[in-house]
Every structure is written in C-alpha cells, then in structure tokens.
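None of the figures in this text is laboratory data; all of them are computed from the coordinates on show. Note that the structure is predicted; figures quoted are calculated from it, not measured. Note: ideal-geometry Cβ built from the backbone for every residue, glycine included; neighbour counts use all protein chains shown.
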Amino acid sequence: MSQPMNQPSPPGDESPTVAAAPAGPPPPPTRRTTELWLLAFSAALLSIANILVDANQEAALTSQILYNGAAFLALFAAAHFAVRKWAPYADPLILPFAALLNGLGLVMIHRIDLAMASRLEINPEDWQAVYYGGPLVGRQILWMVIGVAFFILTLWRIKDHRPLAKYGYTCGLVGLVALALPGIIPFQSIAPTINGAKIWLTFPGFSIQPGEFAKILLTIFFASFLVSKRELFTAAGRTFLRMNWPRARDMAPLFVAWGASVGVLVFERDLGTSLLFFGMVLVMLYIATERAAWVVLGLTLFVGGCLVAYQLFGHVRQRIANWIDPFATYDEAGGGYQIVQSLFSLGSGGIFGSGLGSGRPDIVPEPHTDFITVGMGEEMGFVGLSAVLILYLLLVMRGLRSALAVRDSFGKLMAGGLAFTLGFQVFVVVGGVTKLIPATGITAPFLSYGGSSLLANYILIALLLRISDAARRPAAPPKPKPKQAPIAEAHTEMVARPT
C-alpha cells in the first residue's frame, strides 16, 4: 500500500540532501557592446567631417570618404576585439574617446594638406608650403595603424600591471637616458635643433621623439619607487606655516627630478617636456603622501631654477620675450610671428567658427604640430574647440576613476600618473598656443602629426585599460574550506606497533 504524500517518510527511509550553494551576485556587465557602438558613432562622425571639409574646399566627393570611414571602423574594431579578449572588464569609454580624438586629428591634417596644396598652386615657391612637406595625412594614417598595433601588442603581452613594479628601476634608467639623449648628442645630423629645441633624433627614413616614451617609463619608475619607499616620504619633519615639511635627507628624489627637468630646459631648450616631467613627479608625490608641502616645495624649486636659467641662457630669455610681448618680436625669425598668427586665427573663428574647410589654418607656421588646435579653434570656433577639450577631460577623468577603483597602490599611482600626464600635456599645449604660458612645442595627444606621439599615447591608453580591467574585474570568490567529517563518523586505522 502506497504511503500518502503528505505524511513524513519513515526514519529509516530518509536520504541525505545536499544544500544548494547560495547564488552569488551576477558578474557586472562588461559594456563591450557599448564600446563598439561608440566606435561606430566616431567613424560616422568623422566621415561627415571629411565630407564637410571636401565640400567647402570644392573637392570631388567620392566614395573614398566612405571607404576611409569603414577602414577607420575596421581598425578600431580590431582594437575593440583585443580589449574584449584580453581586458573584458576595462572601461568602455577610454578607447572610443582616444579613437575620436585621433580621427579629428586626421580630419584636420587632411584639411591642412588641402590648404598647403592650394598655396603651392598659386605660388610654387611659397616657402611655408614647401617647408610643410605635405601631404601628411597618409603618413599619419600609417602611424595610426602602427599605434593601434602597439596598443594590441601591449594588451596581449601585459596580462597584469603589477609585475611592472619589478622593473621600476630599469624603466627609470631607460627613461632618463631617453629624456637626455637629444641634448647630449653633439651631432646636428642626429639630434638637430628644430624650432629652437633639441627633442628629436633623426635617422635615415624616420625620426623619433624619445621624450614621448620617457614619460611612460618614468611614470612606471616613480610609481614603483613611491610604493616601495612610502615611509621615506611620509616621515614627520618640521612644522612651518602650518604645514609639515619633509626632512632634508628625504628630499633627494625631488632634487634629482628638479635637476633633470632644469637640465632638459637648459640643454634641450624644451620648456614643455621640462614642465611635463616635473609636474608628473609632483602630482605622484602628492597622490602618494597627500602632503601639500611637497607640491609647494617642488614649485618653489622649479620657479627658482627657471629664474636662474633666464639670467644665464639667451634662448630662455627669447622664449619669455615671445610670450610676454609677441608683437615686439613679430618680424624676428623664430620670434613671436607664430603666436601672433595663432591669436589672429582664434579671434577670426569666434564662437561658432568659420566651418570645416572654410578657414585659413595655413597662415600659422607648422599648423600640424601643437598649433593644430588653433586650426580647430578657427574652423570649429570656441564651441568646437571646447568640445575637443571636454573629450580630453572625459578621457582623463576615466583614467583617474580607474586609479581610484584599482585595489593595489602601484596601480593607483601608475594610473593616476598616466592620466595626469595626458591631461597636463593638453594644458601645456593649449596654454602655449593661446599665450597663457610660453609656447612649448610638444604635440597635442592624438591630434598632432607625429609617429612618436601616437605610438606612446596608444601604449599609455593600453596601460590605462589594463589597470581599468583590474579595477572593474569582480574579485575571485574565496576557495571553500574542505569540510571535515565529524569525529564520530571518521574512519579509523589500526597501526601496528613496531617490534
């Protein structure tokens, strides 16, 4: 006779049941599809910008524009799938922001190519158009492809950012050598002086700017050094003006950074790299210690070094004179002509600009370098240039957000240093072309023409994505402890006593 279902089973018929493991929280979304859609939107936006440039220049509108947009999307789709494979939890906005900035730079370089070609048609002996050496957009596209290849290679080879701390001193040594190399090589054929600065190494067929790579290597070094020597910088010192100042014997790294930055200013005549390097050191010191005294002391040292260099070196005085009153040196070679022309271009652009393809970016000497932002300001106006700067701001903010979220101190300092370096470089560039600070000559990240800048910045973006992936990746669940059987149910063994 069958037993009713609503009655309990007899004691002897009970079977052991296994309790279901509690379901953990679902993994966070990777947002990779959002990243792909943003890349597609960037490709469409750049195709429209190219159409506007060619239409306003009365150039033929061919299907090549659509092919260029499709090629741009295909290239960054490859970068997207590399992120999806090797850094699936990385920030979904960092790569689209970098791609859009790079694409806007290509549009502007193409626009400058057309302007210089028109000048050569009118006057084949136009010195500025001949010196420009265009067209440059094809070479920039090649550098972009190589930069994305380096981006993918970095994600593939660096699976975790933390082992980079082991190579901190090696990175620091290589970075300092790379930073000083253009200044110490005496041969003008290898380390020429261009626009008053020695920041390039030229070889047959190509040239390289070592300072672009040095900023990444030195960021890794200082992040590793500050993590390992944290107690050195947080040790108590004397209190003065309500601030706790570091001890004199603990300030050696700051003096080394100060000496290196002033040396770059003096021997390479490069204010931009000097500012960038020393600002990076100060900010990383502040992030590591949270002591404002380091920043005050560092700025005091830097200003003092610049004042001494101003009294001793003529090229420093020339840079300052061009900044204070560029109209007084307007007619001098290498004087204030470039900054005056840039101010006229920005003024003629007004609020909304003259329109893509309708301005005169060619009136500024070398408009494809750091002064590419001037051409954007003229044709896109204050509104368009502000939008570009907001893109930079958002890119830096996403990098700083990754620095806040990552769990290890080395990753925090490294991501914070890389993101600040990118943002501070934009400030130095835009400040120089708008006469806020002396003109520096360093490139605008992702916008300006130049292979070294693109390669270094794509490596920087790959490292930020690697740290972002570590910050957003869900923590691995703890391994369950082996369940020990009750002693009453444990098996026993008989061990024979040895005779």
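If the chain between Leu299 and Asp325 were fully stretched, how many nm would it gain, using 0.36 nm times the residue separation less the Cα-Cα distance? Please list the in-between numbers first.
Details: separation 26, 0.36 × 26 = 9.36 nm, distance 2.47 nm.
Working it through step by step, the gained length comes to 6.9 nm.
Computed over all pairs of different Cα atoms, the Kirkwood value for the hydrodynamic radius of the range 374-439 is 13.0 Å. The label-point distance for Phe81 and Phe344, in a model that sets each label 7 Å from Cα toward Cβ, rounds to 5.1 nm.
Stretch Lys229-Leu394 to full length: gain in nm at 0.36 nm per residue minus the Cα-Cα span?
56.2 nm
As a proxy for reagent exposure, ranking Val256, Val83, Val137 by other Cβ atoms within 10 Å from fewest up yields Val256, Val137, Val83. Can you check what the Kirkwood hydrodynamic radius comes to for the range 427-470, Cα pairs only, in Å to one decimal? Hydrodynamic radius (Kirkwood, Cα pairs) of the range 427-470 is 11.8 Å. The chymotrypsin sites (Phe, Trp or Tyr not before Pro) of the range 102-190 meeting both criteria, a DSSP state outside H, G, I, E and B (loop) and at most 12 other C-beta atoms within 10 angstrom of the site's C-beta, are Phe187. Annotation note: trypsin sites (Lys or Arg not before Pro) in the range 100-160 located in DSSP loop regions with a Cβ neighbour count of at most 13 within 10 Å are Lys159.
So what's the Cα pair-distance distribution over the range 31-472, bin width 10 Å, in %? Per 10 Å bin, starting at 0, the Cα pair percentages come out as 4, 20, 30, 27, 14, 3, 0, 0.
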